[in-house]
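Note sheet for the following structure.
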Amino acid sequence: MKSAVIVFPGTNRERDIQRALSLVSHSKVVPVWHAETDLPSNTDLVVLAGGFSYGDYLRCGAIAARAKIMDSVRAHAERGGLVLGICNGFQILCEAGLLPGVLVRNAKLRFVCREVNLRVERADTPFTKAYRKGELLRIPVAHGEGNYTADEETIRRLESEGRVAFRYARSDGEIDETDGPNGAINGIAGIYSESHNVLGMMPHPENYIEPEIGPIDGRGLFESLAAALKAA
Amino acid sequence: MNLIPNTPNITPELVAEHGLKPEEYQRFVELIGREPSVTELGIVSAMWNEHCSYKSSKVWLRTLPTKGACVIQGPGENAGVVDIGDGLAAVFKMESHNHPSFIEPYQGAATGVGGILRDVFTMGARPVAALNALRFGDCHHPRTRHLVAGVVAGIGGYGNSFGVPTVGGAVGFHERYNGNILVNAMAVGLARTDEIFYAAASGVGRAIVYLGSKTGRDGIHGATMASAEFGEGAEEKRPTVQVGDPFAEKLLLEACLEIMKAGCVVSIQDMGAAGLTCSAVEMGAKGDLGIELNLDAVPCRETGMTAYEMMLSESQERMLMVLAPGKEEEAEAIFRKWGLDFAIIGHTTDTLRFVVKHKGVVEADLPIKELGDEAPEYYRPFVESEPRKVLKPSDVSDAVSVPDALDKLIMSPDLCSKRWIWEQYDHLIQGNTVQKPGGDAAVVRVEDGPKALALTSDVTPRYCEADPFEGGKQAVAEAWRNLTAVGAIPLAVTDNLNFGNPERPEIMGQFVGCVKGIGAACEALDFPVVSGNVSLYNETNGKAILPTPTIGGVGLVEDLHKSMTLGFKAAGEAIYVVGKTEGWLGASAYLQTVCDREEGAPPPVDLVAEKRNGDFVRSLIRDEVVTAVHDVSDGGLLVAIAEMAMAGELGASLDKPASIPAHAFWFGEDQARYVIVAAHGEGPDIVRRAEAAGVPLLKLGKTGGDRILLPGERSISVEGLRDRNETWLPIYMGASS
Amino acid sequence: MKARVIVTLKSAVLDPQGKAIEGALRSLGVSGVQSVRQGKVFDVELSGNDKASAETVLKDACDKLLANTVIETYRVEFAE
Amino acid sequence: MKARVIVTLKSAVLDPQGKAIEGALRSLGVSGVQSVRQGKVFDVELSGNDKASAETVLKDACDKLLANTVIETYRVEFAE
Ligand SMILES: Nc1ncnc2c1ncn2[C@@H]1O[C@H](COP(=O)(O)OP(=O)(O)O)[C@@H](O)[C@H]1O
Ligand SMILES: [Mg+2]
C-alpha cells in the first residue's frame, strides 16, 4: 500500500498521519508538496492531513482547495481511488467540491479539543470494515470550524444515500446536536462521496492509535484501509 | 567620522520619552563622546531598557545555581538546553507578554506564544510542547472576563495553528492583577545535542541574513512599554500592538530547521522585543564581533520607513542569521520555497562597532559591547518584607463545616477545573501527549518513547507576598513535586520573575527574597535554572501585582508506561499521606477563600524533607507499588483527595488523627506532602520502606464507593463535587457570551 | 484603483457569530439592535483604471476564491 | 432600519489574511490585483427610524465590541 500525504503551507498534522499510516496500515508514505502537479505513481490512498493550511485565512481550506495538486487528487478520486481528508483535510475536500457542504464555525464559537463518542454509521466501506455498524469510538476532535452544514436537499441526499460516515453521539449512542462538539447538523462528523471512495471527517483517528497515548479506537480506520487495499 | 544627521534635537523630554533616566543618558553620551543621533537614542533605549538589559535584576540572577550534570546550556542564550540522553536535548524557556496582553488580550497573548516558540526553534529544536501561566484580576472586576476570553483564545489561536500541543499551565485570579494581568508562556523543544545553534556570531566578513516576514511599524517602542509602569493614561495611549501570524511562524520553523540541517547556519537569533536592534547587537556582542547593517535591503511592509523605525520595529516572525560562507544560494532557495523573505542586510566586522547605514547615511555607529553584554546594571536598594505572624489553628475560624468549605474551595476561581480553558488548546497534536492537562504535570513522549518529558509551571503568589523567601522556595518545590508526582526525575527549571517597580525598595525586597528562595531550593533539589525572563514594573498607579515568580519545571520520565496519574483507580486500596501534617492555615487557600482573610506566615518549606519525601515517592512509582499519586498544594489534603476522587470517579472513606482540628487537618497547607494510593496488598511494605527512609507516612483511609466519607461530617457525593468543580468556570465565562 | 468586495452569508444560512454578537451587545447594555449578521469585506487595490475590467477581475476572484457560493453571496463596490 | 458597519484593520497593522489571499489570487491566475486587505462587515437591523440615534447606538456598539480600536477602525453606513 502506498499513501500520498499532501502537505500545504500550514498543514501541521502530517507527521501524526504519517505515523498512523506506517504504524497501523504498514503503508509506504510519501509526502507531496502542494506545488507538485502529479501524485507519485501507484498511489493507492491520498490523504489531506489536518492543520491550518494557509493559516485558515479567508475560510478554512479555501486556499489549499485551489492548489495545483488538487487537480490530481480530483482525478484520483474520479478513477475510484481512495481519498481521506481529516479535519482541515475535510474542509479542503468540501471547498474543492469533492464533498458537498461546508464546515462553519463551531456553534459555541470556540476551538475545541476533546475526546468525543463517534458512532460508526456503516461498516462496509474501505474506511470502516474493521468496525461494527453502530459501534461507538472514543476519538478526539481539535478544531474551531467543524460545524458541518449544507442545504436541506444535500442533507437529505447524504442521509438517504448512506453517505454519513460518523456521527457525534452521547455515551448511550444517541445523537444530540446540542451536546456535540460543534453543532453539526444531524451530528455529522464525517461524510462519504457518492461512491464512498472519498471520506472527509473532523475527528482525528490518527491521534488515538497507541495505548501509551490513550484509547486506540482510531486504529480500525487504518486497519480497514490496509485490508481494503490488500484485497483490491 | 561620518556625519550623523540629527533632527529632531535631543531634548531632555525626548530622552525621557525613551525611558532613559538623565544619568543613563549622560553615561551614554560619555561612552560615545558626542551627542547621539535619534536612531542611536532609539537603539540605546531599547538595549538599556529593563526588558533587554536586565539592569535591575542581573546582579541577583547571577546568584542562581545554573549548573548541573544535565545542563548543556544555561541562561544567556535564547533558551536553556538540558541533556535527556540518547543524544537528545530538551530546549526550553518561559517569557512574559504581560502588558501587551492587558492592552490587546488576543494578540498580546498570541504574540507571546509566538515569541517563545521562536526562542526555542532558533536553537535548532522542534517545539514539542507549550505551557502557560496566567494571572488575572478579581473575577468580579469588569474587565476580567474579557481578558480571560481573549488571552485564552490568543494562546490557542497561535499554538493550535502553529501545531504545538499546549499541555499545561496555571491560572489564578486576584484583585492585585486587576490592572496588570500576567501572561507567561513557556515552550519546550527537542534537538539533537550535537545540532544546537547559538546566537553568538563568529567569523569576520560573513553575511548577515534577514529571514521571515516583512518589517512594518509594529509595536515601535513595545519593549519600552513592557518596562514602563502603567499610569491612568495607558489605556488611552493605545500603543501599537503587534499582530501575530502563526502561519508565517510555522513556515519559519520549517524553513529554519531545513537550512540548519543543510549546514547553512553559523549563528541565529530571533527578533523578539526591540527586533533588529536587540538581535543584531546580541549576535555581535556575544561573539565579540562588530556588525554593520545596511537597512536599504530590509524587506519592508510599509513605505517610507526610517532607520529609527526599522531598528525598533517589533514585527513578528522574523529572524537574523549569520550564514556559512558559500551557502547563500542554498539558504535562499529554501526560504523562497516556503514563501518567506530572505535578504542579506549586513555583515560581521572586526571593529566591535555597531554600524547602521540607510540611504547612504550612517545612522548609528556605536560600541557594541557596551550596548549589549556590558549594559548598565544596578544594585538597587531594597528592604525585606516584614515577617508575618504565625497563625495557630485556633486563630482561624472553623465555623463553616468541612464539606461546605470543600465546596467553596473547589468552586473558587483558583481551584475550579480549568477544562474550559485547556479544551481550547490543541493538547493532542503531534500524538505524543501521554498526560494531558488536568494532572500534576503534563507528560509528553519523546520520539518513539519509552522516554517522556514531564512539564509543569507553578507559583503560589500569596505565599510570595507573605514571605518572599519562603514563597520563592515553595514555587520551586512545588514544581519539583509536580514532576515527582508523575514519576519524573526533575531536571531543570526556567523562571519568569514578575514583580512591580524595582525602584521601590519594598518591591526590590520582594524580588531579592524570591530570587534567594528560588536559589536555595534549586540548589537543595539539584534543579538548576537554565533560562528565564524578568518582568518588572507590573504596577498601576503605584499598586503592584503580587510577587509572582513563575517556575517552569522539566523532568524526565524514563519509561512512560510507568508514569503516574492522580485519579483513584480501584476500590479498596489504602490511601496515605506522605510528609508531615501539622495543619498550617496561615496564608492558605482556606483562609483566603473560606474565611476571606489574607494574612499569616506561609507554610515553611523544609528542603531536606522535600527531597527525602519526593525521592521516596518517586521510588514507589518506579517500583510500581502505588496506583495514584498527587502532590498536596492549594487547599490542602482534602482538596487533593477530592481531585483524586473526581478524576477517578471513585469515593473514599477517610479518618483523621484526633490531635489536629478538622479544618487544620483537612485544609492546612504543610509542604513536602503527597497523597499516595497503595496497590492492593502493598501497604505494609510501603509503611516499612517509609520508616526505613525516615519519611513520615500516615494512613488516611481507603478508596471506594461514590462518596467521600469523613469522620463526623455529612458524606460528599463525588459526582456532585465534580459537577460543581467543572461548571464554575464555564458558567462564569458564559455570562459574557 | 480601489474596490471593495463584500461577502455575506446567504440569508437562509444560520450565522452563529451574528447571534453571539447580538447577545453580547444586549448584555453590554447596547439597546436598539435587533439583529446582526456578520460578513467579510475585502479592500482591493487594482492596477489599471477601467471599472468594467476591474469588475470582471473581481467577479472572477470571488467565484474562484473569495466567496464560497454554497453559503455566501458577494457584491463589488467602487469608491466614488 | 438597516445599517452596515465596516471594520477594517488600521493601515499600519499587519494583515496576514490579506497577504495570504493576494498570494492565492496570484497563483490562481487572477491578474491585476495589487493588494488585498480583509475586514469585517456587520449588517445590523435596528429598531426605530432615527438615523442620528442609530448612529450613536452603532458607535457605542463598535467601541464596546464590534471593533478592536487598538488595531481596527470602523465606519457606519446606512442603506439608501
Ligand atoms: N529570571 C531569569 N533566570 C534565569 N535566566 C534568565 C532570567 N531572566 C532572563 N534570563 C536569561 O537571560 C537571557 C536573556 O533573556 P531574554 O531577554 O528574555 O531573551 P530573549 O531576548 O530571547 O527574549 C536568556 O538567556 C534568559 O534565559
Ligand atoms: Mg530570544
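Summary table
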| quantity | calculated |
| --- | --- |
| Flagged links, alpha-carbon separation over 27 Å, of D:10/D:64; A:68/D:19; B:93/D:64; B:327/D:19 | B:93/D:64; B:327/D:19 |
| Neighbour-count order for B:54, B:177, A:192, B:378, fewest beta carbons within 10 angstrom listed first | B:378, B:54, A:192, B:177 |
| Label point distance in nm, residue B:622-residue B:503, each placed 7 Å from Cα along Cα→Cβ | 5.2 |
| Length-normalised contact order of the stretch B:565-737 in % [C-alpha pairs under 8 Å, at least 6 apart] | 37 |
| Distance (nanometres) between label positions extended 7 Å along Cα→Cβ at residue C:51 and residue A:231 | 6.3 |
| Isotropically averaged projected area of the stretch B:445-529, using the convex hull of Cα atoms (one quarter of hull area), nm² | 5.9 |
| Förster radius 41 Å - calculated FRET efficiency between residue B:32 and residue B:194, Cβ distance, rounded to 0.05 | 0.50 |
| DSSP-loop trypsin sites (Lys or Arg not before Pro) across chain D, with at most 13 other Cβ within 10 angstrom | D:10 |
| Within chain B, helix-based [θ] at 222 nm, where runs of 4 or more DSSP H residues each add -39,500 (n - 2.57), nearest 500 | -10500 deg cm²/dmol |
| If the convex hull is drawn through the Cα atoms of the stretch B:1-118, its volume per residue in Å³ | 181 |
| Choice from A:216, A:188, A:17 showing the highest fluctuation, given a GNM over chain A with Cα pairs closer than 10 Å | A:216 |
| Alpha-carbon radius of gyration plus Dmax, which is the widest Cα pair, for the stretch B:258-375 in Å | 14.0, 40 |
| Directionally averaged projected area (convex hull, Cα atoms, the stretch C:2-78), nm² | 6.2 |
| DSSP-assigned coil residues among GluC sites (Glu not before Pro) in the stretch A:152-220, each with at most 13 further Cβ atoms within 10 Å | A:161, A:174, A:194 |
| Aspartates and glutamates whose Cα lies under 17 Å from that of residue B:473, excluding same-chain neighbours fewer than 8 positions away | B:384, B:458, B:465, B:495, B:523, B:526, B:606, B:610, B:631, B:634, B:669, B:670 |
| Convex hull volume per residue in cubic angstrom - Cα atoms of the stretch B:565-737 | 133 |
| At R0 = 41 Å, FRET efficiency that the Cβ-Cβ distance of residue B:401 and residue B:688 yields, to 0.05 | 0.65 |
| Normalised contact order of the stretch C:2-78, rounded percent, pairs of Cα under 8 Å and 6 or more residues apart | 52 |
| Longest exposed-site-free window of chain A, the sites being trypsin sites (Lys or Arg not before Pro) in a DSSP loop that have at most 15 other C-beta atoms within 10 Å | A:1-67 |
| Translational diffusion coefficient (Stokes-Einstein; Kirkwood radius from C-alpha pairs) of the stretch B:668-735 at 25 °C, 0.890 mPa s, in µm²/s | 159 |
| Net lengthening on full extension, residue B:296/residue B:146 (0.36 nm per residue, minus Cα-Cα) | 49.8 nm |
| Extension gain from residue B:69 to residue B:386, taking 0.36 nm per residue of separation minus the Cα-Cα distance | 110.4 nm |
| For the protein assembly as shown, average projected area of the Cα convex hull in nm² | 44.1 |
| Cross-link pairs beyond the 22 Å C-alpha cut-off, checked among B:214/B:250; B:611/B:702; B:214/C:40 | B:611/B:702; B:214/C:40 |
| Counting DSSP beta bridges with both ends in the protein assembly as shown, the antiparallel % (nearest 5) | 80 |
| DSSP bridge orientation in the stretch B:117-201 - percent antiparallel, rounded to nearest 5 | 55 |
| Estimated FRET transfer efficiency when R0 is 25 angstrom, pair residue C:2-residue D:63 (beta carbons, to 0.05) | 0.40 |
| Pair residue B:660, residue A:108: separation of 7 Å Cα→Cβ label points (nm) | 3.7 |
| Descending principal axes extents, chain B, alpha-carbon based, whole Å | 85, 51, 48 |
| Average Cα contact separation per residue, the stretch A:12-63, under 8 Å, 6 or more apart, as relative contact order % | 36 |
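Read-outs: derived from the displayed coordinates by stated rules, not from any lab. For clarity, every value in this text was computed on a predicted model and none was experimentally measured. No Cβ is skipped: glycine too gets one built from the backbone with ideal geometry, and neighbour counts run over all protein chains shown.
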